[in-house]
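The structure appears below as structure tokens.
The values are calculated or read from the model by the stated rules, or taken from the named source; none is laboratory data. Remember, predicted model here, so these are calculated numbers, not experimental data. Cβ: placed from backbone, ideal geometry, glycine included. Neighbour counts: every protein chain shown.
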Amino acid sequence: MMNYKNLINGRFVPATGNGTMKVMNPSDGQPICMVPDSTAADVETAVEAATVAQKEWARRPAIQRAKVLHAIADKVRGQVEQLARVITEEQGKTLGLARVEVIFTADYIDYMAEWARRVEGEIIPSDRPGETILFFRQPIGVVGGILPWNFPFFLIARKMAPALVTGNTIVIKPSRETPHNAAKFSELIAGTDLPPGVVNFVHGRGSVVGDALASNSHVGLISLTGSVETGIRIMTTAAKNVTKVNLELGGKAPGIVMGDADMKLAVTAVKASRVINSGQVCNCCERVYVQDKVAEEFTDKLTAAMKASKVGDPNLDETVDYGPMINEGACRRIDEMVHNAEKEGATVVTGGKRAPSKGGFYYEPTVITDCKQTSEIIQKEIFGPVIPIVKFHDLDEAIGMANDSEYGLTSSIYTKDLNVALRACHELKFGETYINRENFEAMQGFHAGVRKSGIGGADGKHGLYEFTQSHIVYIQS
Ligand code: NAD
């Protein structure tokens, strides 16, 4: 079995003490490869290397940094099939979606590289004669990038590309569930002109490697994509050094289906939202509010669509709609949430149990009605192929229930009435709202949550600026 190493200062090195961790295939529970079980000392070494490398990297004109990024994007595009298979094997998404993830990653790196000539400062009018006031956007220094497992390859780019083009260096900690694709990416960048220390990968546990990154006083920005619980831990740890945090956390996206909605579109989009990546996507519809007059029609059609989903091993069958959950714990947690909802009076219309498998972690496509607004299934992130439905009578009630959540990442509404859509735009308290379309953000948008869904955001100009800090200079002549 392949035993991968960390990438620190341009060299592939084992963890201090040679600890390793097994990477498992969630489709059949079989081991895939080994990665380092790194220590806090490995993080220290990586941050030191990144600190040294950053000085020279930041001195390069941005367009030269962009050239390296474009070369990485080209290399990614040259290996779409191999990388997609690695992602599917360790994460369980369909091969089709894994290919999209790899291509999107290359496009994202190019997109961020193209900002090289566009990150501009400002000249601010002064109140004093002979004075010039200059506002610079400068690199922060060393970024700590902490990744989740659900889009593990793309998330490398989402942290690395904006960090590098703006003159930072980075230490990346992949999820322990999905480090194989990151190990492949390390090999891929090792064959480019990237100077040693500019990008480092340290594999391991969140409580060790993640914590050591968040508590390192030489790290200028901790950028985490992960759960609310981890976000809170990282904020607490980073607070000791007043380190800036950028947190992309969980979601509990409401989907509002109005009585005048295009029913086919609403059913297709909500279903797609719950089966993509086995329902393990932060921005996808986690709860549906449907207007009472169309509730029966919507529920029947959605149930039929969900029932028709093909579930199976995505490594063996390219036609499956979705594959396994990430691990046994995720499968068990989803099952518990469904049964708790049933105990509170909800009705499981279809699904509601684990799907049979030899060693894998599959869950049936599930629709639940008669859910209470206060129940766990409506209030907590499910992260699985389960749709709870709640009926409402008018828009005020729907918006009230949608906003009644500790999460605030994305939201959606299906309606043909422009006035209703505009009210939703103004009154839904979320970082993102999708109107009459599936939930999937654009790289030039700004993916950001409110409330416990995060601080700051990613993508586009505003996401890029998260990786810069201001420096204002007053020149008296
Ligand atoms: P997680 O919080 O369990 O882990 C995320 C990362 O944090 C992992 O690399 C983990 O090892 C690390 N970590 C864990 N404990 C840590 C600690 N004490 N200190 C530092 N690092 C630590 O999340 P996950 O299960 O990998 O991902 C799923 C979650 O991510 C879901 O809640 C999902 O909604 C969210 N997510 C959000 C977005 C977004 O853009 N908002 C995108 C994808 C996933």
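Would you confirm whether any residue within region 170-180 is farther than 25 Å from Thr51 by Cα, of a type in the set (Val, Ile, Thr) and crowded, with 24+ Cβ neighbours inside 10 Å? Scanning region 170-180, I find at least one residue that is farther than 25 Å from Thr51 by Cα, of a type in the set (Val, Ile, Thr) and crowded, with 24+ Cβ neighbours inside 10 Å, so the answer is yes. Taking the criterion of being outside any loop (DSSP other than H, G, I, E, B) and either free of Cβ contacts under 8 Å to residues at least 40 places away in the same chain or under 16 Å from Lys461 (Cα atoms) (or both), the residues of region 125-139 that qualify are Phe136, Arg137, Gln138, Pro139.
Residues considered: Lys307, Lys301. Of these, the only one that is in contact with a helix residue (DSSP H, G or I) (Cβ under 7 Å, 6 or more places away or on another chain) and without any contact (Cβ under 8 Å) to a residue 60 or more places away in the chain is Lys301. Only one entry of Gly323, Gly360 meets the criterion of being touching a helix residue (DSSP H, G or I) at 6+ places or on another chain (Cβ under 7 Å) and under 26 Å from Val23 (Cβ atoms), and that entry is Gly323. A single member of Gly226, Gly167, Gly204, Gly145 is within 12 Å of the ligand (Cβ to nearest atom) and touching a Pro at 6+ places or on another chain (Cβ under 6 Å), and it is Gly226.
Screening Gln82 with (1) buried (at least 18 other Cβ atoms within 10 Å of the Cβ); (2) polar (S, T, N, Q); (3) farther than 30 Å from Gly141 by Cβ gives one miss only, at (1).
Might you let me know whether region 185-197 holds any residue that is farther than 27 Å from Glu81 by Cα, touching a Ser or Thr at 6+ places or on another chain (Cβ under 8 Å), at pLDDT 95 or above and not basic (Lys, Arg)? Looking for residues that are farther than 27 Å from Glu81 by Cα, touching a Ser or Thr at 6+ places or on another chain (Cβ under 8 Å), at pLDDT 95 or above and not basic (Lys, Arg), one finds at least one in region 185-197, hence yes. Does Glu297 qualify as being over 23 Å from the mean Cα position of the chain (by Cα) and modelled with pLDDT of 95 or more? Spelling it out, Glu297 is indeed over 23 Å from the mean Cα position of the chain (by Cα) and modelled with pLDDT of 95 or more.
Per the conditions (1) touching a strand residue (DSSP E or B) at 6+ places or on another chain (Cβ under 8 Å); (2) within 30 Å of Asn327 (Cα to Cα); (3) acidic (Asp, Glu), the sole criterion not satisfied by Glu466 is (2). Residue count for region 17-51 under the criterion of being touching a helix residue (DSSP H, G or I) at 6+ places or on another chain (Cβ under 8 Å) and hydrophobic (A, V, I, L, M, F, W, C): the result is 8. For region 33-62, a residue qualifies if it is surrounded by fewer than 16 Cβ atoms within 10 Å (Cβ to Cβ) and either part of a loop (DSSP other than H, G, I, E, B) or touching a strand residue (DSSP E or B) at 6+ places or on another chain (Cβ under 8 Å) (or both), and the qualifying residues are Arg60, Pro61.
Scanning region 229-245 turns up at least one residue that is away from the ligand (no atom under 16 Å from the Cβ) and outside the structural domain of Ile399 (by TED's automatic domain parsing).
Within region 190-211, the set of residues being under 20 Å from the mean Cα position of the chain (by Cα), under 18 Å from Lys75 (Cα atoms) and assigned to a loop (DSSP other than H, G, I, E, B) is empty. Taken over region 407-449, the criterion of being in contact (Cβ under 8 Å) with a residue 60 or more places away in the chain and charged (D, E, K, R) is satisfied by Lys416, Asp417, Glu432, Arg437, Glu438, Glu441. Counting only residues that are part of a helix (DSSP H, G or I) and either on the phi > 0 side of the Ramachandran plot or crowded, with 19+ Cβ neighbours inside 10 Å (or both), region 212-235 holds 7 of them.
The numbered conditions (1) of a type outside the set (Lys, Arg); (2) touching a residue at least 12 places away in the same chain (Cβ under 8 Å); (3) more than 28 Å from Lys67 (Cα to Cα) are all true for Ser207 except (2). Only residues that are within 22 Å of Glu406 (Cβ to Cβ) and within 12 Å of the ligand (Cβ to nearest atom): list them for region 246-279, please. Answer for region 246-279, where residues must be within 22 Å of Glu406 (Cβ to Cβ) and within 12 Å of the ligand (Cβ to nearest atom): Asn246, Leu247, Glu248, Leu249, Gly250, Gly251, Lys252, Ala253, Gly279.
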